[in-house]
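The values are calculated or read from the model by the stated rules, or taken from the named source; none is laboratory data. Just so you know, these numbers come straight off a predicted model, no measurement behind them. Cβ sites come from the backbone with ideal geometry, for glycine too, and all protein chains shown count toward neighbours. Areas reflect the complete protein model, heavy atoms only, side chains present, ligands, DNA and RNA absent. Shrake-Rupley method; radii C 1.70, N 1.55, O 1.52, S 1.80 Å.
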Amino acid sequence: MLTKPRPIRLKGRSFLALSLAPELPFEDWLAGLDDLAARSAGFFLRRPVVLDIDGLDIDKAELRKLVDELGQRNVRVMGIEGARPSMLGPDMPPAMNDGRPASDFEPPPESEADEPEDAAAVETVIPARQAPAQATASLVVTEPVRSGQTLFFPEGDVTIVGSVASGAEVVAGGSIHVYGTLRGRALAGTASNGSARIFCRKLEAELMAIDGFYLTAEDMEPDLRGRAVQVWLEGHALRTGILG
Amino acid sequence: MGKVIVVTSGKGGVGKTTSSAALGAALAQNGEKVVVVDFDVGLRNLDLVMGAERRVVYDLVNVIQGEAKLTQALIRDKRVETLYLLPASQTRDKDNLTPEGVEKVIAALRKAFDWVICDSPAGIERGATLAMRHADMAIVVTNPEVSSVRDSDRIIGLLDSKTQKAENGERVEKHLLLTRYDPTRAERGDMLKVDDVLEILSIPLLGIIPESMDVLRASNLGSPVTLADEGSAPARAYFDAVRRLKGEALPVTVPGERRGFFGKFFGRKAA
């Protein structure tokens, strides 16, 4: 039986990571970390940890030693922020950037170690709450997006007063608005935002995607070409409609 | 201080070298002091189109490497005395063009000439990016055809990011030169129309050069088309483009060909 192969979904996802900013000398800083860990055995377990070494004057060997030291303490580093590319070998955690601040993690209270050990309580992970609704960020571009250019804005909506050329790409965490002709690719709602939409004044797009579900030019209704169109996600399918 | 213009396109074979030679000659015919610089190291053509191939001694790479003085490498045109050529090297590699060397040469030329026209190689690599690096103005040569238009769009993006002006937060003035245009075929839908190209690229139009046998004939004669036959349709189009380049507000038209009977017949029908 022939089945239609499922297209691979390309999705973005954001996680809340704990950011550790070590200070020199590392011996003292690690001693402080040991002290913190002694108070709460499971504090670093299961938490994704990002090492922020921005502004630290260390070399590759020192960084590697620090990552090893942390590994011995069961702190597994998923990425390193603020490192020069030359400092990161293939065996090191990858570079991370564009981190945005989030609410701080509560360190365990001083007295916890003295209290009777309650393994269950330590292991309890509070389910990650949706961050309080913030005003979504938006980016307004008043020039055409040229072939070969990528406009990447995972923070929110993108509005383009101009056209998006064939071979150009717009990636937004939120919705995408094009007040011109959309000839290139538009990928909206990349941060698992299924309510994002794509709007354009004239549709000639090569590809449009919302939250990982996509439509290629071939799959689009031919009568939508050249029209003002909006695209949204309904269940697992992209819907298109003519505007106005 | 002279103006530095890069003639660029991304795609090959659209008419960069022909246009560099024709515009350079047309400016010189108006009495301006012009140098046309060939940046296509390894595949130089400008010397042939300008009919100077037998007079090349030193080239751009020799000057950059300090093997020759700029004045030794410049070749003065035999027909128009204010027109000069700085040829590219045919034997060396593009890697011999260094950013510092190019900067020095362009600065020196800018002092000595009214117009410095840089004929860019095709592509978006070193040669092309160095040719556009110091430009005040760019002429984007495009054929009315989708792949050429998309490549031009890519080049415009680079002009807005990789040039000295862009890095200083200024803008390189960009102009579109539509070449090999055939109004009859555009009307039939075999070619993109002028408005379609302008809509996609959204930069001002400097001129439309009609598709013409005169261009090929002039190239083979080793003469810029504006020198070979001043009255031909492409030559008139280049002269008009030069007037617009100098700031004149001249409406853009397609200078007509001398048509035969059938041309007239179809031409009228299309209109």
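With respect to the conditions (1) farther than 24 Å from A:GLY148 by Cβ; (2) surrounded by fewer than 16 Cβ atoms within 10 Å (Cβ to Cβ); (3) in contact with a strand residue (DSSP E or B) (Cβ under 7 Å, 6 or more places away or on another chain); (4) of a type in the set (S, T, N, Q), A:THR216 falls short on a single one, namely (1). Considering B:ILE155, B:ILE139, the condition of being touching a helix residue (DSSP H, G or I) at 6+ places or on another chain (Cβ under 9 Å), buried (at least 24 other Cβ atoms within 10 Å of the Cβ), more than 13 Å from chain A (Cβ to nearest Cβ) and of a type in the set (Val, Ile, Thr) is satisfied by B:ILE139 alone. Take the conditions (1) open to solvent by less than 10 Å² (accessible area, probe 1.4 Å); (2) in a helix (DSSP H, G or I); B:THR71 misses just one of them, which is (1).
The strands (runs of 3 or more DSSP E) located wholly in region B:78-167 that include 2 or more residues which are over 20 Å from B:SER202 (Cβ atoms) occupy B:83-86, B:115-119.
Residue-by-condition table, conditions (1) outside any loop (DSSP other than H, G, I, E, B); (2) surrounded by fewer than 24 Cβ atoms within 10 Å (Cβ to Cβ):
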| position | (1), (2) |
| --- | --- |
| A:VAL158 | yes, no |
| A:GLY162 | no, yes |
| A:GLY167 | no, yes |
| A:GLY174 | no, yes |
| A:VAL178 | yes, no |
| A:THR181 | yes, yes |
| A:ALA186 | yes, no |
| A:THR190 | no, yes |
| A:ASN193 | no, yes |
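Note on region A:195-205: among residues that are open to solvent by 20 Å² or more (accessible area, probe 1.4 Å) and either assigned to a strand (DSSP E or B) or within 14 Å of chain B (Cβ to nearest Cβ) (or both), the one that is farthest from B:GLY10 (Cα to Cα) is A:PHE199. Of B:ALA122, B:ALA108, B:ALA128, all but one fail to be in contact (Cβ under 8 Å) with a residue 12 or more places away in the chain, open to solvent by less than 10 Å² (accessible area, probe 1.4 Å) and either in contact with a helix residue (DSSP H, G or I) (Cβ under 8 Å, 6 or more places away or on another chain) or among the small types (Gly, Ala, Ser) (or both); the exception is B:ALA128. Among residues that are away from chain B (no Cβ under 14 Å) and modelled with pLDDT of 95 or more, A:THR181 is not included.
Across region B:171-199, which residue is farthest from the chain's Cα centre (by Cα) among those that are β-branched (Val, Ile, Thr) and not in a strand (DSSP E or B)? Walk me through it before giving the result.
Let us first name the residues in region B:171-199 that are β-branched (Val, Ile, Thr), namely B:172, B:179, B:184, B:194, B:197.
Narrowing further to those that are not in a strand (DSSP E or B): B:172, B:184, B:194, B:197.
Values: B:VAL172: 16, B:THR184: 25, B:VAL194: 19, B:VAL197: 18 Å.
Going through the qualifying residues, I end up with B:THR184.
Checking each residue in region A:229-242 for being buried (at least 16 other Cβ atoms within 10 Å of the Cβ) and either in contact with an Asp or Glu (Cβ under 9 Å, 6 or more places away or on another chain) or of a type in the set (A, V, I, L, M) (or both) picks out A:VAL229, A:VAL231, A:LEU233, A:LEU238, A:THR240. Across region B:158-199, the qualifying residues are those that are more than 14 Å from every other protein chain (Cβ to nearest Cβ) and either surrounded by 22 or more Cβ atoms within 10 Å (Cβ to Cβ) or of a type in the set (A, V, I, L, M) (or both), and the one among them that is nearest to B:ASP214 (Cα to Cα) is B:ARG180.
Search region B:200-225 for residues being within 14 Å of chain A (Cβ to nearest Cβ) and open to solvent by 30 Å² or more (accessible area, probe 1.4 Å), and hand back the single one that is farthest from the chain's Cα centre (by Cα).
Looking at residues that are within 14 Å of chain A (Cβ to nearest Cβ) and open to solvent by 30 Å² or more (accessible area, probe 1.4 Å), I get B:ILE200.
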